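Here's the structure we're looking at; comments come further down.
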Amino acid sequence: MNLHLYEFDALEKELEKLPTLHRIAFAASCCERLLPNYNAFSRQENWGDPSVLRIALDEVWQILQAKPVDAALIRKLIEDCEGVIPDSDDFGGLSDMEAQEAAIAICNTLEACLDPTPQQIIKVANCVTDSIDAFLDESFNVSESKVELKKLVEAIASHPMAVREMAKQSEDLQRLKQAEKLDRDFVEWLRTSFDNDGKSLIDLA
């Protein structure tokens, strides 16, 4: 199984095969690769609070290791994360968009702890795709014609960053399908297995 950027139908079918906690684990892994984008933005703009997102995502990882879901706490963490999402009107650069997607992905992953449907997980995957798309779009000079836009989509989907991310998602799904239980070692592997020197999926840190 090899996933491709923009092709959410294939991902949804794979997610439907997974137990609910396994789906959340997939989303949490995606968030780990997005979070450094927020950290880079916060440092660059001297705005926001990365620790809020880190605490929220750590709660998800604890749930994946059998901590009971506290709905009230999850809603509070969602509210906290929403409070540190940058407003594009205040910044207007690419970095704030990448930070937004990271925070929104974590909010959606928290929501998935309460409603772990494939559709909820797709929202997280969409944040990943939007981050890659926005970052790489700057690299290509195309017109607004349908032909050129189609070429742009193909170019972005075949870019090494996109290929690397989709390979990681495919690997995660394959490992999750094989894992009957989310034991401590497996969860730790999933949390840390993206080896990019602390950088995000678009090489920001």
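Counting only residues at least eight positions apart within a chain, or on another chain, the lysines with an alpha carbon under 17 Å from that of Lys199 are Lys168.
Summary of packing: across the peptides 61-69, 99-107, the per-residue average of other C-beta atoms within 10 Å ranks them, highest first, as 99-107, 61-69.
Given 20 °C and 1.002 mPa s, how large is the Stokes-Einstein diffusion coefficient of region 16-103 in µm²/s, with Rh as the Kirkwood radius over Cα pairs?
Calculated translational D: 155 µm²/s.
Between the listed residues Ile78, Ile24, Gln100, the Cα displaced farthest toward the positive end of the dipole of region 8-192, a dipole computed from Cβ unit charges relative to the Cα centre, is found at Ile24. Note that the chain shows a convex hull volume over its alpha carbon atoms of 117 Å³ per residue. Each pair of Cα atoms in region 93-203 enters the Kirkwood radius, and Stokes-Einstein at 20 °C and 1.002 mPa s then converts it into a translational diffusion coefficient of 136 µm²/s. The stretch between Asp195 and Ala134, if pulled fully straight at 0.36 nm per residue, gains 19.7 nm over its current Cα-Cα span.
Bear in mind these aren't lab numbers, they're just calculated from the coordinates by the rules spelled out. As the structure is a prediction and not an experimental result, all values here were calculated from the model. Positions of Cβ are generated from backbone atoms using ideal geometry, with glycine treated the same way; all protein chains shown enter the neighbour counts.
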